[in-house]
Number of protein chains: 2
Amino acid sequence: MNSPIASLLWRHLRVYQIFGANTEVGKTVFATLLSRAAKRRCQQETVTFLKPVSTGAVEEADERCKHLQRFAATTTRKTLFQYQLPLSPHLAAPASGQPVPSDHVLLARCHDFAAQCASEGPGWLFLETAGGVHSPAPSGTTQADMYMPLRAPTVLVADPRLGGISQTIAAFESLHIRGYDVVSVLLFRNAKYKNHTFLADYFTERHGLPVTSIAEPPGRLEDCQRDADAMDEYYASGHCEETAGQILHHLDSRHAHRIDSLHSLASKAHKHIWYPFTQHSLLDSKDITTVDSAHGDCFQTLAPSSDADRQPLLRSSFDGSASWWTQGLGHSNPNLTLAAAYAAGRYGHVLFAASAHAPALELAETLLDGMRNPRLNRVFYSDNGSTGTEVAAKMALRAARLRYGWPVDARLGMLALRGGYHGDTMGAMDMAEPSAFNEKVEWYEGKGYWFDYPSILCVNGAWTVTAPAGLTKDLGHPTSYHSLAAIFDLDRRESRGEHEGYEMYIRKVLSTLQRQGRTFGSLIIEPVVVGAGGMELVDPLFQRTLVNVVRQSPHLFDTRGGSPASPKDSHDWSGLPVIFDEVFTGLYRLGRFTSSSFLGVHPDISVHAKLLTGGLVPLCATLASEHIFDAFGTCDKTDALLHGHSYTAHPVGCQVAVESLREMQAMDARGAWDWAKAQGWRTPVLNETAGPDDLPWSVWPHSLVTYLSQQKATVKGAWALGSVLAIHLRDDAGTGYSSNAALTLREALRKGVEVGAARPWNVHSRVLGNVLYLMASQMTTETTIKQIERLLQESLA
Amino acid sequence: MNSPIASLLWRHLRVYQIFGANTEVGKTVFATLLSRAAKRRCQQETVTFLKPVSTGAVEEADERCKHLQRFAATTTRKTLFQYQLPLSPHLAAPASGQPVPSDHVLLARCHDFAAQCASEGPGWLFLETAGGVHSPAPSGTTQADMYMPLRAPTVLVADPRLGGISQTIAAFESLHIRGYDVVSVLLFRNAKYKNHTFLADYFTERHGLPVTSIAEPPGRLEDCQRDADAMDEYYASGHCEETAGQILHHLDSRHAHRIDSLHSLASKAHKHIWYPFTQHSLLDSKDITTVDSAHGDCFQTLAPSSDADRQPLLRSSFDGSASWWTQGLGHSNPNLTLAAAYAAGRYGHVLFAASAHAPALELAETLLDGMRNPRLNRVFYSDNGSTGTEVAAKMALRAARLRYGWPVDARLGMLALRGGYHGDTMGAMDMAEPSAFNEKVEWYEGKGYWFDYPSILCVNGAWTVTAPAGLTKDLGHPTSYHSLAAIFDLDRRESRGEHEGYEMYIRKVLSTLQRQGRTFGSLIIEPVVVGAGGMELVDPLFQRTLVNVVRQSPHLFDTRGGSPASPKDSHDWSGLPVIFDEVFTGLYRLGRFTSSSFLGVHPDISVHAKLLTGGLVPLCATLASEHIFDAFGTCDKTDALLHGHSYTAHPVGCQVAVESLREMQAMDARGAWDWAKAQGWRTPVLNETAGPDDLPWSVWPHSLVTYLSQQKATVKGAWALGSVLAIHLRDDAGTGYSSNAALTLREALRKGVEVGAARPWNVHSRVLGNVLYLMASQMTTETTIKQIERLLQESLA
């Protein structure tokens, strides 16, 4: 019952949702018209009306039902939840004494009913909503929000009365901004208000949306028989029959068109799209996932072998890479949509040169406050993580160059980690060591030294720190820990001297580099996790030690042997400016606002993107200290930081980011992830320097990590932190990038689960070499995690 | 009357707009309550109700007026447009026989009325709308769209009846997505439906918006006196007085807060924002323009010396750089907002790796169709022009390297134009010649050869082609032409042999470079206009010739002396892959879908951004030929094009781009710029090979260009094309980047115009060295252009 719900799409069942712009706009009459037209069109097809929730005395509901039965005799009408009180369902349902159905239960019942209809043969299913588009469902969620996952194309019955133009357009917009495809607007003609004339022009011009109007039915007559006769005459009139036939034809062809478009999307994309990071000669068009839409944690994807008439064409696919690490608040989150639309409606874009707008400032203040880093005071905006790390590099290199007095053409390198990855623009690529990702790129020229580092894995149930060859000898601390928390308790480990081996190693390397005459302008690291470079969990003690050693060692970077200026105060950089690339690791990815808090050291510059906008549009913020900023302040315009994109600080992105960050901060404050922390991450609390809230945790249960780490035949080890689960698979052949083990697991997840025939779902995951990772959003529920956990276990069994 | 309308903001006049979620929701009662509360609060302040449009018999309108006068005696009530018929204004106005006021006229009257109120002293002004939020105004524009420019904060009167929850939320959303600040929701309590309870929770939780409910007024009594007494009692009740007082206090403090926020925005931004391309030590916080909002072609900016109580705080500022060259369809265009919101509501974001979604494909097809370039078949998405040109370079360099057999570490340069500019990421910077923009950037390393080029200016009324020193000797064609059209008639000029001098020059340069052993991988140019590099109009014949010579000269690039493969067919690249960077020049900036059509040659790769999304969010598309694409297709994954951003092909951007491009194409098809073409650009038609539609034109009148070019004391020359006007000012001191002449003109435009005291406006413009340019959007009207023309003439006089 709890498995994800797919959108409603079957080839031979046309499903349409009927929303009203208001109450009493004639939904029953239009339903009758459509029903009769469908039967006229094909007597063999079934026509079903599903009213998921109905309130008011059964007799009243019956009356509507009787109307349909009388005038469209062979139509089936079904109610799933009936409440006696003639009030909105959010009042009637709790008053009924029955358990109030959750949105998920209600949608699941709708879905399964539709699946049942589809299994019975060709036909039509109309979903009737109650009241207006935003009238609340039993749970209190408004219908427009609740029904989003079903994404049935929509018929909007407009209001022909005074004020009806406004009601209709506003209702349309509330549906449209939730991704509903409104395909038809229907209304009665009212000769006085002529709403049909206005709305026909309006919707055709602005939305290419057809509006069909029909004569009003006769007024109700006292005498039942005469009333019925009059209605019969009305329904049977040439005007009504012809118009209803046209509407039905339109709905039928839109249905066919939607399916055709979905079926041709992949092959057309295969022909014209050039995909990022994709070897097209290895990509068949059938390998392309066709995405109809997405909601919450799931895509709605075209199901394979979906040609059978009775099989569902769409299935729910868990977005297991969080859409390349962007999703925080779930796909198609109405709050983010409204935030984006508000900024679009207030500003559009505003050039960000000597101008200020509220969203840019609010976001800057929110980021600076959230970082709790006394060094950071400036925010520079750009468009993505790659441009943001280039900006960070420009900042750091200038500051270092000026202090150490190097010439502008000095060959300045970055100190960084092996496998670190900072983006795809040339400057960002140059920060990464030579690898398969860049060595064939014509202008690539690696600029730096890349440290080997100790990494963490849960191996056969034990949390293990594995040091690279060059480091092993000096290590002098345990390689196995009782818990991840114990590894992350850096103060305790430092008090035991566990950092000393790292320190010696780092100093040795730096001294060697100095002797080689190499010049470095900055240290850049991804705190805690090396992401694109293989989803490696880095020993945070090593990263902290690296920062500390760099800061203590200006003498190791001063290649001119002069006397560089000393840091001005305790917030000034020392040694080298330190950049934290938190593009992947920051903003609650690992469970905290900033991943730097795991290290307990403050960078001079930090870079934030991906989750920044909660998963909607590109935006990046590079934060810097005032001391770094000051390095650019002279009387010469050309000493300025020469970077800037046309859409710098675009209000839409900034507003969405403000909304996202505030929501994630509020979730944090109200303990929204307490369920996750309780999944084995709080015990055993072995350390004394940290309270339970400071412990590392993940939405992926500790027991799952343990289980995975025990599958010794296929799994080398695993780790989880925040929303990330990384499974390092055995790769004994050393095939790395093309490891078969990971691909096999990915295929099993992709095949997914079939809960009966009607509610299949699967997991869309990404692989990095021999690592398969899964990434939840910050909204993913315990239920979803449990389902994926089962699927993982079955896939590996 | 036609000058831009500023938003309504005065310190001591609190202006609120009252929208109803529906008709008959009690707006008059709430108005009376607020009015009485205001008077109780301060007897000396005026309280005014402005109902811009009223329909129905005067007696009926009078009745509402009488209600206010009876129960809130000292309130003023004013109607601007009164129509007899009791119908929606869009029906009543045309039927009245009076001229139907345009939106601009109606808003201007509202603005001027508010200004009059503000001049009279402290008080309150409530703007009453008619019907629901989307009820049409006399012109047929719905009120929610029409009133946007006034941007008065809004009180929404909710509907307490059955269905009222839906009506209220939908109405709120239609306002919110247009950038209205709804600050208060008011409604009557209805014990049965309890909408006030639901809405209070809903709006507080989701939008932090207070909802205030108040007891319903007594039902109407037959006896007039008793009815009046009952209402008197109602209004005077402690509950009503207290609640109304609270609402008023809230409105008063929101007003003060808005003004405080605006006044502190620049200083806060000055403290925390790091602006792009800005020497902060030269930037005072008072130089920062505070942007409250933007609509159409104008920002609403905080006016200088806006501390006086009676002076307007905001003024309209024409966005003279089209917000760094992004605006196509105007700020806060509701169609773009809705397109963005639809995609956000349907998808959020979808990772673009082996997946397909409709907006990405539709945009790809729209671009490929629109280009009419038989070479182009592939679309690669990235986030901005800089990343898009890096992608283009990666494509071109690989294709060239493989064909010519160069090693991966060969030093490949770009052939390009002097002053060309392709972005701020390191790879894009490296394509530009060393200059003030990059020579202090630590990792910059210019990679290429940059051709000098002949440029076009209208000088003292004559269209002139000026060749650089190295070219002059070989030129052999006139330097002065009858018209810009004559210069752009390339076929005719070629038939006269005017390209031959260029050809000789280019061949000579290429041969010299070959002798120097230099290796080139691509030709990249900005067609027709070198933008950021100084707003130079390049002789298109030179660019066409450059492309042709490069294509004819593989032997000049083959540094290995081998036998590189020949082009496979007529659509394959030859010589070098040719990149057109149309980021600035394309997509109707210069009046045409693609600026390549001016040159009449087809690039192998072209890059599009800025106007791509009509001015809303960042997005870039790099288009490539199938032959370029094929160079990456091997069995090796690492031979793929290694580039990709997390938000690649984000659906919001793609959907907005589809909407923008289709609208601009539709404008083109329906002759939306015929008024501009008729401004002296069609005559004299001297050439024979081009029809009148093929002639270059601009929204800036030809006579303005001529006038500017004749201001010999200050102006060196000018040109206009499409939406761009560039004024090259005299810079005899050669101060270039800091030319005073341009700054003086910019200051004059910034000072702007005061039409009386009430409707000041100005022009926000950008300067590039000694060039001041103005850029219209694709929606800018003839009226606006004429106003700016006058302002320019006054500023230079």
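Derivation of every value follows stated rules applied to the coordinates shown; laboratory data play no part. Remember, it's a predicted structure, so these values are computed and weren't measured experimentally. Note that each Cβ is placed from the backbone with ideal geometry, even for glycine, and that neighbours are counted across all protein chains shown.
Extension gain, A:D369 to A:H257, is 35.3 nm, computed as 0.36 nm per intervening residue step minus the present C-alpha separation. Per residue of peptide A:608-621, the mean number of Cβ atoms on other chains within 10 Å of the residue Cβ is 5. Here r is the Cβ-Cβ distance between A:A228 and B:R220 and R0 is 56 Å; the resulting FRET efficiency, rounded to 0.05, is 0.90. Counting every C-alpha pair in segment B:378-455, the share spaced more than 21 angstrom apart comes to 32%.
Legend: mean number of C-beta atoms from other chains within 10 angstrom of residue C-beta atoms, peptide B:325-336, equals 4. Applying D = kT/(6 pi eta Rh) to the protein assembly as shown, where Rh is the Kirkwood radius over alpha-carbon pairs, T corresponds to 37 °C and eta to 0.692 mPa s, the Stokes-Einstein value obtained is 94 µm²/s. Largest first, the extents of the alpha carbon coordinates of chain A on the three principal axes equal 106, 63, 54 Å.
Given a Förster distance of 51 angstrom, what is the FRET efficiency for B:D309 paired with B:R730, based on the Cβ-Cβ distance and rounded to 0.05?
Rounded to the nearest 0.05, the efficiency is 0.70.
Would you mind giving the average projected area, over all directions, of the Cα convex hull of segment A:194-261 in nm² with one decimal? Seen from a random direction, the Cα hull of segment A:194-261 projects 6.2 nm² on average.
If both residues of a DSSP beta bridge must be in the protein assembly as shown, then about 50% of such bridges are antiparallel.
Across q = 0.29 Å⁻¹, segment A:278-327 modelled as identical point scatterers on its alpha-carbon atoms has Debye log10 I(q)/I(0) values of -1.08, in the order of the q list. With unit charges on the beta carbons (Lys and Arg positive, Asp and Glu negative) and the dipole taken about the Cα centre of segment A:2-110, which residue among A:S35, A:A108, A:L85 sits farthest to the positive side? Comparing the listed Cα positions along the dipole, A:S35 ranks first.
Working from Cα pairs under 8 Å separated by at least six residues, relative contact order for chain B is 14 percent.
For A:V47, the residues 5 or more places off, or on other chains, whose built amide H falls under 5 Å of its own are A:T76, A:W124.
For an R0 of 51 angstrom, estimate the FRET efficiency from the Cβ-Cβ distance between A:S102 and B:K66 and round to the nearest 0.05. Step by step, r from the Cβ atoms, then E = 0.45. The value for segment B:115-157 of Rg(Cα) / (2.2 N^0.38 Å) is 1.34.
For segment B:288-422, the mean projected area of the C-alpha convex hull, equal to one quarter of the hull surface, is 14.0 nm². Farthest towards the positive end of the charge dipole of segment A:498-628, among the residues A:V547, A:L576, A:G562, is the Cα of A:G562, using unit charges on the Cβ of Lys, Arg, Asp and Glu.
Mean sequence separation of contacting Cα pairs (under 8 Å, at least six apart), scaled by the length of segment A:334-670, corresponds to a relative contact order of 29 percent.
Quick check on chain A: of the DSSP beta bridges with both residues there, what percent are antiparallel, nearest 5%?
50 percent
Annotation for segment B:106-181 versus segment A:441-465: alpha-carbon center distance of 58 Å.
So what is log10(I(q)/I(0)) for segment B:497-577 at q = 0.15, 0.19 1/Å, when the Debye sum runs over its Cα atoms only? Results for segment B:497-577 at q = 0.15, 0.19 Å⁻¹ read -0.62, -0.93. When only the Cβ of Lys, Arg, Asp and Glu is charged (+1, +1, -1, -1), the dipole of the protein assembly as shown relative to its Cα centre reaches about 920 debye. Approximating the spin labels as points 7 Å out from Cα along Cα→Cβ, the B:T74-to-B:S574 distance works out to 8.7 nm. Assuming a ≥ b ≥ c are the square roots of the Cα gyration tensor eigenvalues, decide whether segment A:500-642 counts as rounded (a/c under 1.5), prolate (otherwise, with a/b larger than b/c) or oblate. The shape class here is oblate.
Give me the dipole magnitude in Debye, nearest 20, for segment B:334-670 about the Cα centre, with unit charges on the beta carbon: positive for Lys and Arg, negative for Asp and Glu. Before the final figure, lay out the partial values.
Values: 30 positive and 36 negative charges, 79 e Å.
Here the size comes out at about 380 debye.
Along its principal axes, segment B:589-644 has C-alpha extents of 43, 30, 9 angstrom, given from the largest down. Using just its DSSP H runs of length 4 or more, each adding -39500 (n - 2.57), chain B gives a mean residue ellipticity at 222 nm of -11500 deg cm²/dmol after division by all residues.
Calculate the tail of P(r) for segment A:366-512: the fraction of all Cα-Cα distances greater than 25 Å, expressed in %. Of all Cα-Cα distances in segment A:366-512, 49 percent exceed 25 Å. Computed extension gain for A:A95 through A:A191, at 0.36 nm per residue and net of the alpha carbon distance, reaches 30.4 nm. Span-like helix check, chain A: qualifying full DSSP H segments, with Cα axial length of 24 Å or more and mean Kyte-Doolittle of 0.0 or more, are A:103-120, A:651-669. The alpha-carbon atoms of segment A:1-115, seen along their principal axes, cover 42, 34, 24 angstrom, with the largest extent given first.
Shielding by partners for peptide B:21-27, expressed as the average number of C-beta atoms from other protein chains within 10 Å of each residue's C-beta, is 3.
Per the Cα gyration tensor, segment B:334-670 maps to an equivalent ellipsoid with semi-axes of 32, 26, 18 Å, ordered largest to smallest. With the simple model of a label 7 Å out from the Cα in the direction of the Cβ, A:R515 to A:K712 spans 4.3 nm. A Cα-only calculation for segment A:233-314 places Rg and Dmax at 18.9, 65 Å. Toward the positive end of the charge dipole of segment A:437-531, about the Cα centre and with charges on Cβ (Lys, Arg +1; Asp, Glu -1), which of A:T512, A:S495, A:Y453 goes farthest? Result: A:T512, furthest along the dipole toward the positive end.
By DSSP, the beta bridges lying fully in segment A:334-670 are antiparallel in about 60 percent of cases. Label separation (A:A669 vs A:R790): 3.7 nm, computed from points 7 Å beyond Cα along the C-beta direction.
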